[in-house]
1. Taking a quarter of the surface of the convex hull around the Cα atoms of region 447-493, what do you get in nm²?
2. Which order do the peptides 271-284, 49-62, 398-411, 482-495 come out in when sorted by mean C-beta neighbours inside 10 angstrom, highest first?
3. What percent of all Cα-Cα pairs in region 129-288 falls into each 5 Å bin, going from 0 up to the bin containing the maximum distance?
4. Divide, for region 164-255, the radius of gyration over alpha carbons by 2.2 N^0.38 Å, where N is the residue count.
5. Roll a 1.4 Å probe over the protein chains and send me the accessible area per residue for region 256-322 in Å².
6. With every protein chain kept in place and ligands, DNA and RNA left out, what is the accessible area per residue of region 15-78? Probe 1.4 Å, answer in Å².
7. If you take the C-alpha gyration tensor of region 254-306, multiply each eigenvalue by 5 and take the square root, what semi-axes do you get, largest first, in whole Å?
8. Cα centroid distance between region 411-432 and region 195-219, in Å?
Amino acid sequence: MWGIVFFVASEGQRRVTVFDTTLRDGEQTPGISFTFEQKLEIARQLSSIGVHAIEAGFPASSQGEKETVKAIANLGLDSKICGLARSRREDVDACIDCGVDMVHVFIPTSEVQRVHTIKKSREEVLGITGEIVSYVRDHCDLCMFSAMDATRTERDYLVEVFRTAADAGATILNVPDTVGVSTPMAMRDLILHLAREIDCPLDVHCHNDFGLAVANTITAVEAGASQVQVTVNGLGERAGNADLSATVMVLESIFGIGTGIRKEKLVETSRLISRYSGIAIPPTYPIVGDNAFSHESGIHSHGVIACAATFEPGIMTPEMVGHRRRLTLGKHVGRHAVRQMLEEVHLHPTDGQLDRIVEKIKFISVKGKRVTDADLYEIAESEMGVGNGGRFIEMDEFAVMTGNHVIPTASIKARIGGKEAVYSATGTGPVDAALKAVLGMLPVRVHLKDFHVEAISGGSDAIGHVTIAVEDEHGRVFDASASGDDIVLASTEAMINALNLLHRLDSPTGKGN
Ligand code: MN
């Protein structure tokens, strides 16, 4: 009847489509504003991971927004490009001008929104709904219709509104939980009811005000919805929207429902959006957080070394989502994890040596100090009586210039594998310039993943302790630290420690040089 196939069921596996609104609802996250270039890059990334439709923006909101949506529509991506419109012809025209594949029109239907925002009666809303949906369909093949605040709309009236939209030619109906007040049971009931009453595919848009966005979204799918709206990293208004990674992985790994998403690019996608949005992902965030596959406790580390499914879901592995498993050092660390971490760098302690190494790590950890990978190797080598043959990179001279009218510049002279090297770099600040100068000396490609500085003592002459984590081109993450009363110098030394560590990991003997 609608002539549009939204998903193709194949070989008996149920499939749903993913509609991403990172560029629209996600960009409405307080404090976030993506640049034009970043938006294009995000759209390319979303298309490359298999997102079915991308809501690129709200063209009627500004000239800049309109140009962005148009540019995204012109990229020729595999994803369908959608523009948002209020239920006004000029908003729809703005979308059509951009050359989008789909127009998403919405109108408030709950009493609180009808009375306080658009000030329209129920009958007026029904009239506008039919009129605007047919107007969209006169100009565009795909029309998504949203009854804004659907979950707080009186049910019989909601059915009436949706039926009107479907009859006018809407190709999919969106059920938004605009203020995040639904629960899985309520959502199930609502979707079952709508699916019975209306012959049109359903889509859900859930907000996370009570932390239920993903739960409500996946429940809607269980009840029959055929499309999910998500954002990367759960960005969006207030507490955000359903997270793309978590929604996709529940559907795929737990329900066995296909989403068409290239799951192995989920971590990469999350990191890209984290970088562009300036909103860090908490380490405990599901799927993509740094700790999602990290283990510190002895019992857990021992378990996952023997069989990863002991203390991980198993039906979801780090490889599946482009993550990596990591054993970390701390007061709960066990012998198996430490032995494994040392064997990776070709250090093979005896049982007695291993006991003393573990003892020392725990001793340092209980005092509240973080034990880095670099510290572990130092401890192990001194305990095992093996020297590392001198450090691969040895800093000789270092200078940094900064101020309010100069570009922060750092220069460094060092011996690398015995040979003298000189390098300088500019940066956004002295630390940035210093780290770039150090990295510039070497051909290796590593990037700074985490930078943490803390003052050990009080006052302006406090000793600063800098801990950094770097990731190499193979996706290996390791950390190193340094202390001093000059944080620029301490940062530089921490980076040199990290690079020495990387060299040690890559040298076949497991030793520097
Ligand atoms: Mn929303």
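1. Numbers: hull surface 12.1 nm².
Here the figure is 3.0 nm², rounded to one decimal.
2. Numbers: 271-284: 15.9, 49-62: 23.9, 398-411: 14.1, 482-495: 20.9.
Top to bottom by mean Cβ count within 10 Å: 49-62, 482-495, 271-284, 398-411.
3. That works out to 2, 10, 18, 20, 18, 15, 10, 6, 2, 0, in percent per bin.
4. 1.03
5. Values: 3120 Å² over 67 residues.
Value for region 256-322: 47 Å² per residue.
6. Accessible area per residue: 36 Å².
7. Numbers: eigenvalues 121, 69, 14 Å².
Equivalent ellipsoid semi-axes, largest first: 25, 19, 8 Å.
8. Measuring centre to centre over Cα atoms gives 54 Å.
The values are calculated or read from the model by the stated rules, or taken from the named source; none is laboratory data. Since the model is a prediction, treat every value here as computed from it, not as a measurement. Please note: Cβ atoms are built from the backbone with ideal geometry, for glycine as well, and neighbour counts cover all protein chains shown. Ligands, DNA and RNA are excluded from the accessible area calculation, which covers all protein heavy atoms including side chains. Shrake-Rupley method; radii C 1.70, N 1.55, O 1.52, S 1.80 Å.
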